[in-house]
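Below is one structure; the comments refer to it alone.
The values are calculated or read from the model by the stated rules, or taken from the named source; none is laboratory data. These figures come from a predicted structure and were not determined experimentally. Ideal geometry is used to build each Cβ from the backbone, glycine not excepted, and the neighbour counts take in all protein chains shown. Heavy atoms of the whole protein, side chains included, go into the accessibility calculation; ligands, DNA and RNA do not. Shrake-Rupley method; radii C 1.70, N 1.55, O 1.52, S 1.80 Å.
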Amino acid sequence: MRLVALDVGSSSVRAVAFDDRGEAEPGEAQLQYTSLDADELVSRCRAVLAQVGEGDIVAVSCFWHSLLALDDHDRPLTPVLTWRYVDAEPPALDPVAYHQRTGSFLHPSFWPAKVLALRREGVRTARYVSFGDYLLLRLAGELRMSISTASGTGLYDPNALAWDGETLAAVGVDAEQLPPVSDEPVAGVLPALGDGACSNVGAGCADRGRAAVMVGTSGALRVVYEAASAEARPGLFLYRVDAQRFCEGGALSDGGNLHAWLERTLRDLDTTGLAARPPAGHGLVFLPFLGGERSLGWDASRRGLVAGLTFDTTPADIAQAALEGVCYRFADVLDALGGVDTLVATGGALLASRDWVQILADVLERPVEISAVAEASARGAAVVALERAGIIVPGAATISVVEPRAETFDAHRRAREEQRAMMRTEQAT
């Protein structure tokens, strides 16, 4: 069996061919993109698939939470609205009850706020779909949404495996305006899975005790596990891989995009060697909310903040404070999850920075394994497809382990508390 995995990420599309052992063939295809025009993005997906060649199955990983409004002829009325679309107000629902039912939050990255914004703008929508659904329509001729994608919309109950009626009523959407939810393939193409779920499976993090810490464009710390049901816990999302497995964790809007911002903004910045500097020795407190807050507070109105600047502050000080600040947010997510024995670093931005991995290990006070899988989401989509074909794929390897340095613990504990205090102060104002 030859399987082709298509990974639609936040800034590029990639196609990789795999054999029936889950081993990647050489010669992947990748194209960057900036436009969120749905048909342009479909064209790029077709292009990378053509470069890799045909497979018996096409498995798709696609960014979670995207929304696309279609007309009566299934043509796009809007660009693809991603998790970064935050200029919308969610419906007036009880936030705790909503979270318990859907595993999502009243935050504009989810569909309810986006749908209401489109209705207020007078967009006459026949169907609401994700980009992955639209891609399936264009590749295989039928609209269908996977359980995984549905679970990340904020309109779906991941325990009942059904659309949440109370939320649909609150945003004025009928179930008929949404794609049918099914994991069954269409003409050899599988409905797109959420990229976060795929990333965990691809990195071999598929039980409660083994968490993936991912920093790509954004950041996330997640576990995947099999269970008959699960309870949404405060601050943590609860999505699905499929009908058998949940994906639980926390998401950060600032990740590799923050690192890129630092390089653009701070002149002559070199981030190598940051882990060798004294931990939190810069005297700064950095709130990494340039893209707003997701986990744990899910406050889209939050903004980035750096406190403690002096004339002696250097670009390296600011960069160190920023990367440490992200790690402190991951630490709070890890505390909320609990029960994690092993951490695996994934994602292009994190795998490209050994210093960042070292700081992460120091802040979390535990070893961090470095994944040997460069593109975990593509591999994860392939592994799930092979599992459905009855083929069990060996777990993913790691290439090394970064050990925490005990002499850094006290400084980072104090800095974490300073960040929490700053968050409380900033929120109070």
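A few notes on this one:
- Matching label, semi-axes √(5λ) of the Cα gyration tensor in Å computed from the structure shown, candidates [x] 35, 30, 22; [y] 34, 26, 20; [z] 46, 31, 24: [y]
- Across the chain, the relative contact order, built from alpha-carbon pairs under 8 Å that are at least six residues apart, equals 16 percent.
- If you wrap the Cα atoms of region 279-339 in a convex hull and average its projected area over all directions, you get 4.6 nm².
- Accessible surface ranking that places the most exposed of H73, H259, H107 first, with a 1.4 angstrom probe: H73, H259, H107
- Summarising the label geometry, the points placed 7 Å from Cα in the beta-carbon direction at L31 and I399 lie 2.8 nm from one another.
- Scanning the chain for DSSP H helices at least 24 Å long along the axis (C-alpha atoms) with a Kyte-Doolittle mean no lower than 1.6 picks out nothing.
- Heavy-atom accessible area per residue - the chain, 1.4 Å, Å²: 39
- Each Lys and Arg Cβ is given +1 and each Asp and Glu Cβ -1; about its Cα centre, the chain then shows a dipole of about 420 debye.
- With both residues required to sit in the chain, DSSP beta bridges show an antiparallel share near 70%.
- Each of L36, L3 has its accessible area taken with a 1.4 Å probe; listed largest first, they run L36, L3.
- With the helix formula -39500 (n - 2.57) applied to DSSP H stretches of n ≥ 4, the chain reaches a computed 222 nm mean residue ellipticity of -10000 deg cm²/dmol.
- Between the beta carbons of L290 and D335, assuming R0 = 22 Å, the FRET efficiency works out to 0.45 to the nearest 0.05.
- Considering only alpha-carbon pairs that sit under 8 angstrom and 6 or more positions apart, the relative contact order computed for region 178-297 is 21 percent.
- Within a Gaussian network of the chain (alpha carbon springs, distance under 10 Å), most fluctuating of P26, P95, P191: P26
- q = 0.12, 0.15, 0.27 Å⁻¹: log10 I(q)/I(0) that the Debye formula gives for region 361-429, counting C-alpha atoms only: -0.60, -0.72, -1.09
- Projected label distance in nm at E184 and R264, using a 7 Å step from Cα toward the beta-carbon: 4.6
- Between the C-alpha center of region 128-171 and that of region 399-415 there is a gap of 41 Å.
- Size of electric dipole in region 1-154: Cβ of Lys, Arg +1 and of Asp, Glu -1, about Cα centre, debye, nearest 20: 440
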